[in-house]
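Shown next, in structure tokens, is the structure this report addresses.
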Amino acid sequence: MSEQTQFVRQATLKSEDKSHFEKINKAIRTYHQAVEKGQSDVFKDWQAARRVAAQIKEQALLQLPELLIQFEANIKKQGAQVLWAKDGHEALGYVWNIFKENQAELAIKAKTMVAEEIHLNQFLQGQGIELWETDLGELIVQLAGERPYHIVTPAMHKSLKEISELFQKKIGIPPTESAETLTQAARHFLRDKFIRSAIGITGANFLIADAGAIVMTENEGNGSLCMTLPKTHIVLAGIEKIIPKLTDLSLFLPLLAVSGTGQQLTSYNSIVWGPKQVHEVDGPEKMYVILIDNGRSKLYRSERFRESLRCIRCGACLNACPVYRTVGGHTYGTTYQGPIGALITPFLRGMREWFHLPYASSLCGACRDVCPVQIDIHHLLLEHRKMAVEGNFSGIIWKAIMKLWVILMMRRAVLNFLRPVIFFLTHYGTFLLPSDIKKHIPKLSPMSFEGEWRKKS
Amino acid sequence: MESSPVVSLFIPCLVDQVYPEMGIAMTQVLRALGYCVEYDSRQSCCGQPAFNAGHWSEAKTVARHCLQIFQGKEIIVSPSGSCTAMVRKFYQQLFSGEPVSIPAIYEFSEFLCMRGDTAKISGNFSGRVGFHYSCHSYRELRLKQEPFEILRKISGCELIELPGEPICCGFGGLFSIKFPAIAGAMAEARLNQFLEKNIDTIVSNDPGCIMQLRQEVKERRLTLAILHLTEFLSKAMKL
Amino acid sequence: MSRDVILQSLRSSRSENKHVFTSIPSTENIFNSVESEDPALLFQQKLTALKGEYLFAQNGNELSKLLENLTEGEGDHQFLVQPSALLSKILYHSLTLQKRLVQVRLDAMDHQEMERYRGGITHCELLVAQTGSVVLSSSRQGGRRLSILPPLHIVVAEKKQIVNSFEEVMQRLEKKKDLGSYVRIISGPSRTADIEKNLVLGAHGPKRLVVILSETNQFEV
């Protein structure tokens with residue numbers, strides 16, 4: 001089954017699922033209330049903050065090769081190793097080598113979208129490694145055998161009852177209606193895995209070029225533990241995560257926190273310059289930063305689409321998108337969901353299989369309005385559609401319809417002549433179409449406006 | 001005596017072929033406000049359906065035809081935020097690189113507020129009235145207060161503003177045909193926002209949105225009137 | 001080598017004349033200003049809004065008493081203290097605290113052992129009034145573990161360590177030497193809202209964060 005067919009099938013099911021809609025929209029309403037408060041708490045001028053953030057990111061992208069080299073040099077000076085992976089396969093190869101060298105069997109990981117992207121979990125588990133997600137939402141979807149539902153809140157689609165049942169089954173706790181009890185159960189369950197793990201894997205929200213540091217932002221503390229307890233720390237990061245200066249964090253950390261969850265700052269922001277230094281009492285002895293391309297340079301090559309690499313993975317566009325709110329995260333069938341997912345997936349995974357995502361949008365523009373780095377998302381989705389047509393992905397039928405449409409629109413005389421036929425078809429001829437499409441075909445009025453105007457003159 | 005200013009009508013394809021009454025209502029309102037209204041029958045479409053679908057060369061053909069027709073017309077008014085946005089904003093993207101001369105086109109409510117015509121509006125309409133912004137008029141043309149400025153001039157109706165940002169009705173041009181299940185769910189969700197406030201009349205400035213919402217109303221057998229702003233005014237002003 | 005392939009691909013994608021922006025506007029006037037007559041009060045308000053706890057100690061005796069209150073009821077040797085001259089002094093003068101607190105070299109302690117402790121007591125690099133945050137470095141505040149592993153984290157800090165804005169923090173961090181390999185900026189206790197958006201404290205990090213602020217420079221006991 002093609003990705004497009006799968007998408008339409010899933011989308012239709014979810015669109016009709018009222019309980020799913022209720023769940024998602026409750027979560028999103030809570031999010032919007034928090035963001036509104038967060039924005040006014042932190043920013044005097046939110047629009048100016050977006051503008052400056054967009055410009056800093058844009059400048060960073062223009063200097064991307066130089067900043068990557070600067071980052072590498074600086075973090076290596078502090079004892080970390082930097083590995084470059086042109087694709088997911090190569091990144092997994094590096095990870096596996098590190099596991100082998102350290103004879104590691106148990107590992108913990110914090111939430112990172114890029115690990116999802118390269119299918120890290122399946123790979124390591126396939127090699128016999130016991131790998132545990134430590135972010136509560138990620139742990140929930142891991143235990144449920146599902147993919148993350150949302151960039152920021154992976155288990156948004158699960159009710160408390162469902163999570164309780166899941167934990168009863170997989171962790172062995174008595175039934176409970178308390179979120180606190182469930183959270184404590186997860187803490188307890190993971191504690192010994194934190195302590196015994198040989199390797200901790202995290203992502204990085206930002207890579208700082210001038211400091212040679214990685215930055216990770218979180219609320220639970222699991223990320224901090226992943227980069228504190230195990231002897232080896234592996235960081236997976238897309239090459240676009242670079243920002244030029246440490247001081248840029250004074251804008252980007254609040255920006256990400258506000259857009260991601262409505263907080264002024266998340267509970268824990270970690271800045272890591274390298275593995276533990278000689279005089280330090282604890283911390284990983286080895287640190288690896290794996291810089292991953294995996295299609296990002298393809299995006300970079302397109303001057304028009306390059307700005308999608310500004311993305312700081314805050315999830316705001318998902319929460320603003322009426323399509324996402326209707327179909328949910330799993331329907332997209334790919335790592336990056338919602339508007340940003342529709343934008344980058346055709347580049348990262350191929351236009352032919354994924355061009356339907358840019359079409360699955362009403363182009364309302366809410367995403368562009370909320371994006372903290374001003375990515376012109378919905379206008380770029382239009383460009384995708386143009387590319388899909390030029391690449392002949394969009395189908396012959398539509399091409400034919402458009403050609404006919406041009407003929408009708410260019411000549412009023414032809415349009416008027418054929419009008420009775422079209423009138424007949426729209427009123428009596430749509431029985432051939434499936435019912436859900438049929439109802440969206442407008443029925444022509446008995447007379448056109450042009451006809452009415454002529455009549456009255 | 002001063003001659004009345006001349007307004008050229010920009011009639012969207014949807015109004016031309018499906019909802020001519022919206023165009024007629026707009027003509028009536030403009031004339032009542034003292035404008036001379038002209039209509040060039042060569043016009044047919046701004047090109048948006050093809051543009052949205054990614055068929056840009058077809059869109060350009062029709063768009064060039066459109067620009068040619070409206071060249072030299074000083075004031076152009078459209079009952080559609082979408083068409084207005086297409087010409088004013090999206091033509092730049094469509095013709096990127098090519099020099100094109102964009103005419104002065106305005107969306108209906110935008111036009112009235114700009115010209116101070118709201119002062120001349122008065123009328124009566126009973127009911128609990130809400131307003132649905134088309135995404136194009138809200139996010140491309142940035143119209144926010146204009147429709148409410150006009151609606152407030154009509155007495156007898158209770159005007160209810162929905163809190164928060166407007167949410168898309170799911171029309172999205174061909175989106176509703178390509179992804180009907182999603183579009184239907186979006187329309188239902190949008191209508192529910194109005195129903196929760198016991199609104200019985202929804203006014204909108206976009207024929208596409210109106211078509212989408214009316215379809216949903218019909219499906220669910222609701223007693224909810226969806227009117228174009230021009231229709232609403234024509235009724236209220238008893239034209 | 002992939003490094004070269006990636007860099008070459010990026011370089012060749014750029015057009016020559018687009019390298020440099022004229023200038024990036026400053027972040028002035030973007031943030032709400034933090035002119036506070038009493039930064040300590042602002043810090044207190046922000047910390048408590050984040051569900052952290054704020055205490056004030058006028059002098060060494062008071063600090064001692066506060067620590068005794070906080071460590072009550074857990075038994076002997078349940079609280080781990082970072083190496084610090086001040087805290088050593090406090091310990092020296094309090095038999096109660098000597099029973100409850102442990103101050104040893106942390107590099108020799110394994111994770112299993114540290115996990116036993118009911119709480120960790122550290123100093124900090126900076127406090128941030130605007131955000132109610134505590135900034136710690138791994139080299140000076142007892143390593144990476146102490147402020148994240150135990151379920152209670154007590155920070156002993158001085159008023160002069162408060163900076164007004166988050167922006168200032170980054171500027172200070174840029175200039176500071178010997179911060180070590182790791183800085184943790186803590187804004188409240190550990191939390192999650194992953195279960196139906198219900199806020200729960202104490203996910204994997206500390207459930208309680210207590211900041212004891214003191215006035216004086218050198219405690220007289």
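All of the numbers you see were taken from the coordinates with simple rules; none came from a lab. None of these values were measured; they are calculated from a predicted model. Backbone-built Cβ (ideal geometry, glycine too); neighbour counts: all protein chains shown.
For this structure, a couple of remarks:
- Between C:Glu215 and A:His279, the distance separating the two model label sites (each 7 Å from Cα on the Cα→Cβ line) works out to 3.4 nm.
- All Cα-Cα distances of the range B:146-206, cut into 10 Å bins from zero to the largest, leave 19, 45, 28, 8, 0 percent in each bin in turn.
- If a spin label sat at a point 7 angstrom from the Cα of B:Glu149 along the line to its beta carbon, no backbone N atom of the range B:65-80 would be nearer than 14 Å.
- Relative to the 2.2 N^0.38 Å rule of thumb, the protein assembly as shown has a C-alpha radius of gyration ratio of 1.05.
- Distance between modelled label sites at C:Lys175 and C:Glu115, nm, 7 Å Cα→Cβ extension: 4.3
- Intensity falloff of the range A:13-135 expressed as log10 I(q)/I(0), Debye formula with alpha-carbon point scatterers, at q = 0.10, 0.14 Å⁻¹: -0.63, -1.03
- Distance distribution P(r), the range C:59-122, all Cα-Cα pairs, bin width 10 angstrom from 0: 22, 57, 20, 1 percent.
- Relative contact order (%) - criterion: Cα under 8 Å, at least six apart; region: chain C: 25
- Set against the 2.2 N^0.38 Å expectation for a compact globular protein, the range A:332-457 has a Cα radius of gyration ratio of 1.39.
- The range A:206-345 - Rg over Rh from alpha carbon coordinates, Kirkwood radius: 0.99
- The P(r) of the range A:3-83 has a tail past 20 Å containing 68 percent of all C-alpha pairs.
- Whole-Hz ³J(HN,Hα) from phi, Karplus 6.51 cos²θ - 1.76 cosθ + 1.60, for the range A:432-446, glycine and proline x: 6, 8, x, 4, 6, 7, 3, 5, 8, 7, x, 8, 5, 6, x
- Taking a ≥ b ≥ c as the square roots of the eigenvalues of the Cα gyration tensor, the range A:43-294 is oblate, since a/c reaches 1.5 or more and a/b is not larger than b/c.
- B:Glu98-A:Gln47 FRET efficiency (beta carbon distance; Förster radius 35 Å; 0.05 resolution): 0.70
- Whole-percent P(r), chain A, all Cα pairs, 10 Å bins from 0: 4, 18, 28, 24, 13, 7, 4, 2, 0, 0.
- From least to most packed, judged by other beta carbons within 10 angstrom and beginning with the fewest, B:Asp206, B:Asp200, A:Asp282, C:Asp178 follow the order C:Asp178, B:Asp200, A:Asp282, B:Asp206.
- With contributions of -39500 (n - 2.57) from each DSSP H run of at least four residues, the per-residue ellipticity at 222 nm computed over the protein assembly as shown stands at -13000 deg cm²/dmol.
- Angle between chain A longest axis and helix A:396-410 axis [Cα atoms, degrees, rounded to 10]: 50
- In plain terms, the bigger the Kirkwood radius, the slower the diffusion; for the range B:122-236, with that radius from Cα pairs, at 25 °C and 0.890 mPa s, Stokes-Einstein puts D at 172 µm²/s.
- Debye log10 I(q)/I(0) at q = 0.08, 0.16, 0.17, 0.18 Å⁻¹ for chain B, Cα point scatterers: -0.29, -1.17, -1.31, -1.44
- Pairwise FRET efficiency - C:Arg105 versus C:Asp4, Cβ, R0 = 51 Å, nearest 0.05: 0.65
- Relative contact order, percent, the range A:84-159 [alpha-carbon distance under 8 Å, six or more residues apart]: 24
- Summary value for the range A:134-231: 23 percent relative contact order, contacts being C-alpha pairs under 8 angstrom separated by 6+ residues.
- Theoretical FRET efficiency, 1/(1+(r/R0)^6), r = Cβ-Cβ of A:His89 and A:Leu418, R0 56 Å, to 0.05: 0.55
- Within 10 Å of the Cβ of each residue in A:10-21, the mean number of Cβ atoms contributed by other protein chains is 3.
- With each label modelled as a point 7 angstrom along the Cα→C-beta vector, the C:Thr96-C:Glu35 pair spans 4.4 nm.
- For the range A:396-456, the fraction of C-alpha pairs more than 13 angstrom apart is 70%.
- Values of log10 I(q)/I(0), in the order q = 0.15, 0.20 Å⁻¹, for the range B:6-113 under a Debye, Cα-only, solvent-free model: -0.59, -1.03
- Calculated P(r) tail over 33 Å for chain C, as whole % of Cα pairs: 27
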